[in-house]
Amino acid sequence: MKTSRKGEKQMPTIRFMPMGIEVPAREGEKTIAQVAARLGIGINQPCGGFGTCGKCRVLVSGASSSLTEQEERMLTPGDIESGYRLACRCPVEDGLTVFFGITPAEGRGRGPVLTRQVRYGGTREPLVTSISFDLDIPSVRDKVSSFSEIAASAMGLSGDAIPIGLMDPLQRIFSGNKPGKAVISNRRLVALEAGDSFKPYGLATDVGTTSLVLWLVDLEEGSAVDALSDLNPQVRFGADVLTRMSHITKKKDGLFELRDSLLSALNRMIGCIARRNGISPGQICAVTVAGNTCMEHIFAGVEPSSIGKSPFIPPYRAFPRLDAVVAGLEINPLAEVIMIPNISGYVGGDITAGIEASGMTKGSGVTLFVDIGTNSEIVLGNRDFLISCSAAAGPAFEGARISCGMRAAMGAIERVSVVDGRLSLGVIGGTEPAGICGSGIIDLVSEMLRQGLVDPSGKMSKGPFSDIDIHICVDERGMRHLVLAGSEDGSESNRLVFTQKDVREVQLAKGAIATGIQALLEMKGLQVDDLCRVVVGGAFGNFLNPVNAISIGVLPMVPIEKIEFMGNTSIIGAFHALVSREDHAFMEKLPGRVEYLELSTFEDFQARFLANLRLGPVLSRKE
């Protein structure tokens, strides 16, 4: 660390590329990952930054520090030769340049980027409305008490609906004797501009454990015009909500750290999506937020640790509305931030939004709604009943805890099949594979089971296999693995493998989901044949191969035509709440209608879960 002429410490400066961000480290920031977290730059750290997963691998230039023991263990010789380091282990040094393969918040993933506007199909009545008005300058003969009362009367509001912060622009409109445009939310003025050109926008927001998604919404047209996704930077504190709650309880400023990293990322994304669409962040006049219960509490700055211990009761199910300035969002400071209400400690506002988006309460036919993600919430019901549970599937289907797992971004293997005895890989963007995402993981395990590379117990076979040119190898530790890309001898830095441990992670995830589905059906005395629809939500739902998902037991064995993939139902529901008062009111009342089943209390839960670890179709139809 350098010292200035005055004896003050000069902190090392680090440059992050291709974003072009150059900043000095702060006191206490010892690693690249800690500096990146402050900036809201998402780095995948499902191990919580302990150097045990190897997922925070970044290309570094200008490093003079020696590799740590964890880096020597997790990086290949090719990685080391190319200059890769683990962001959670590599110390900060002056002059470091850190290279990321894809620019954060500029369309990093395939995700939800909109190729066309998404219009609301129902009766549009947005939470925020805009009106044009004319104000006449009063004379001394007019018995008028104040500008605020004149303006409020013209807008159909009460006199106290004009915030102090908008009085100056209001007086300018009066003095110029010009027409104006007002934006009103919950019978309160939130924006005021002279003329008629001001256009209000809203943000639908999905705050996921692993990913963040924004939809920019034209409130006058009732349509989503752009979208953006990025990694939730909180992954550096752990891959799941339990790890993050543990961080909050163990560290004095843990809640602040988590909330600050989340808000930094969201504000960076807001600035990006505003610039991309040629608008000011001040034109964003309303926000809806959907997330799991823990994530919504962290967003609001409320300690969520009660969710992690029996009886798993959250501080809030329905949050009070917040002004953006209180919420910490860098938009119109008077904009209302509305969080979609939670159902229970482990079934959050994202599922409330998903239930609305799925339309499962509109008819008598029974729908099974499965939101595949880190928590994998499941809802069974129709217009007469709703019952839910949370299956702790873990983040395997989001690429975490998988040797070469990654989000559905450029370079991710999203499809796997066997063609002419060889693996055929479908890669997002048509590039060289950089890892494998959830849909590819399900395809791969299904093909491995189909080809005899793994047996129903999950054990990888030694081979050899006469009909296919695919090999199961064994590393120096005796771990069996399948090589997806690169050479089998490990000499290439881009070598991707799928290991025996990875198969076990998939088994744990599918076992949890299958057990949750079984439990809800049994609670209502139903069987798989009674299902009219199976709606699949989650970040990769649109890209899931249903045959492969059924073949390993992720989804119940129903006719394919009954399965509907809706993708990110959380963001769809948040969008609906923003443009339809009716849908928002429905979501506000919904938690009181949903029964919650705590899976750990279900009869023979452990035995059922162990049985469902087996790879293969489960929940078969009636004979």
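Annotations
- Rounded to the nearest 10 Å², the accessible area of Glu398 at probe 1.4 Å: 40 Å²
- Under the combined filter of DSSP loop state and at most 10 neighbouring Cβ atoms within 10 Å, segment 217-257 retains these trypsin sites (Lys or Arg not before Pro): Lys252.
- Length-normalised contact order of segment 147-267 in % [C-alpha pairs under 8 Å, at least 6 apart]: 13 percent
- Measure of compaction for segment 191-252 (Cα Rg per 2.2 N^0.38 Å): 1.67
- Fully extended contour minus Cα-Cα distance, from Asp323 to Arg38, at 0.36 nm per residue: 100.2 nm
- When the solvent-accessible area of segment 540-599 is split by element, carbon and sulfur atoms take up 54 percent of it, the probe being 1.4 Å.
- Charge-dipole axis of the chain as Lys and Arg at +1 and Asp and Glu at -1 on Cβ define it, positive-most pick from Thr210, Leu453, Gln171: Gln171
- On full extension, the segment bounded by Phe50 and Asp420 gains 129.0 nm, given 0.36 nm per residue less the C-alpha separation.
- Largest first, the residues Arg268, Arg450 sort by 1.4 Å accessible area into Arg450, Arg268.
- Candidates Phe465, Val579, Val183 compared by Cα position along the dipole of the chain: farthest toward the positive end lies Val183, with charges placed on Cβ.
- Gyration tensor (alpha-carbon) shape descriptor, segment 326-434, a/c threshold 1.5: oblate
- Rounded to the nearest 20 debye, the dipole magnitude of segment 383-495 is 360 debye, with +1 charges on Lys and Arg beta carbons, -1 on Asp and Glu beta carbons, and the Cα centre as origin.
- Positive dipole terminus of the chain, leading residue within Pro12, Val58, Asn267 (C-beta point charges): Pro12
- Range of Cα positions in the chain per principal axis (Å), largest first: 100, 78, 46
- Residue order for Glu505, Glu561 - accessible surface, 1.4 angstrom probe, largest first: Glu561, Glu505
- Cβ-Cβ FRET estimate between Thr601 and Glu221, R0 fixed at 41 Å, reported to 0.05: 0.30
- Length gained on full extension, Glu588 to Ile313: 97.2 nm, using 0.36 nm per residue less the C-alpha separation.
- Probe 1.4 Å, accessible area per residue of segment 218-305, Å²: 29 Å²
- Accessible area in the full protein assembly, largest first, 1.4 Å probe, for Ser310, Ser364, Ser417: Ser310, Ser364, Ser417
- Among 166-174, 572-580, the peptide with the highest mean count of other Cβ atoms within 10 Å heads the list, and the full ranking is 572-580, 166-174.
- Cleavage-rule hits (trypsin sites (Lys or Arg not before Pro)) in segment 514-623: DSSP loop, at most 12 neighbouring Cβ within 10 angstrom: Lys622
- Efficiency of FRET between Glu22 and Ile80 - r from beta-carbon atoms, R0 35 angstrom, step 0.05: 0.85
- Label separation (Ser64 vs Arg124): 6.1 nm, computed from points 7 Å beyond Cα along the C-beta direction.
- Charge dipole magnitude, Cβ of K and R +1, D and E -1 - the chain, Cα centre, debye nearest 20: 760 debye
- Degrees separating the helix 500-523 axis from the principal Cα axis of the chain, which is the longest one: 60 degrees
- Separation of the Cys532 and Asp469 label points, Cα + 7 Å toward Cβ, nm: 5.1 nm
- Its Cα centre serving as origin, segment 255-399 has a Cβ charge dipole (Lys and Arg +1, Asp and Glu -1) of approximately 180 debye.
- Accessible area per residue was computed with a 1.4 Å probe on protein heavy atoms; Tyr346 scores about 40 Å².
- Across the chain, Cα pairs under 8 Å and at least six residues apart give a relative contact order of 13 percent.
The values are calculated or read from the model by the stated rules, or taken from the named source; none is laboratory data. The structure displayed is predicted, hence computed values, not measured ones. Glycine gets a Cβ as well: all are built from the backbone with ideal geometry, and neighbour counts include every protein chain shown. Only protein heavy atoms, including side chains, enter the accessible area calculation; ligands, DNA and RNA are left aside. Shrake-Rupley method; radii C 1.70, N 1.55, O 1.52, S 1.80 Å.
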